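Presented below is the structure to which this report refers.
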Amino acid sequence: MKKEVNFDGRTIESPEEFHQGFAKLLSFPSYYQHNLDDLWTCLTSYINPNLRLMIQGTDHLYAVFAHEAPGLQDIFQRLPDACPELELILNAEN
């Protein structure tokens with residue numbers, strides 16, 4: 001059975017707040033640099049892939065990330081191929 005982890009992006013007001021919350025929720029290593037490159041590395045290398053990761057409010061997150069939104073979207077799109085054991089569920093509703 002997969003461990004279910006929920007992240008509510010609707011409450012996030014800055015990319016830094018996203019990185020802090022995500023790092024804490026998924027127990028990223030202390031040297032996580034709070035950027036998209038490290039996000040990819042941690043998601044594909046440092047977490048237990050036997051997860052059901054549900055992210056609410058992705059449209060809001062993309063708005064918060066502004067010019068970095070395409071990078072965040074790319075991570076979410078590539079993650080299922082890179083980590084097939086991880087179940088990623090994105091919900092765009094705000």
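Worth pointing out:
- Exposed-site-free run, longest, the chain (rule: chymotrypsin sites (Phe, Trp or Tyr not before Pro); DSSP loop; at most 13 other C-beta within 10 Å): 47-94
- Spacing of the modelled spin labels on THR41 and SER14, each 7 Å from Cα toward Cβ, amounts to 2.3 nm.
- Whole-Hz ³J(HN,Hα) from phi, Karplus 6.51 cos²θ - 1.76 cosθ + 1.60, for region 46-59, glycine and proline x: 10, 10, 5, x, 7, 10, 10, 9, 10, 10, 8, x, 5, 4
- Region 1-84: GluC sites (Glu not before Pro) in DSSP loop, at most 16 other beta carbons within 10 Å: GLU13
- MRE, 222 nm, helices only [DSSP H, n ≥ 4, -39500 (n - 2.57), over the chain, to nearest 500]: -13500 deg cm²/dmol
- Each Cα pair of the chain feeds into the Kirkwood radius, which the Stokes-Einstein equation turns, at 37 °C and 0.692 mPa s, into a diffusion coefficient of 248 µm²/s.
A short reminder: the numbers here are calculations on the coordinates, not readings from a lab. Quantities reported herein were computed from a predicted structural model and do not represent experimental measurements. So basically every Cβ, Gly included, is an ideal-geometry build from the backbone, and we count neighbours across all protein chains shown.
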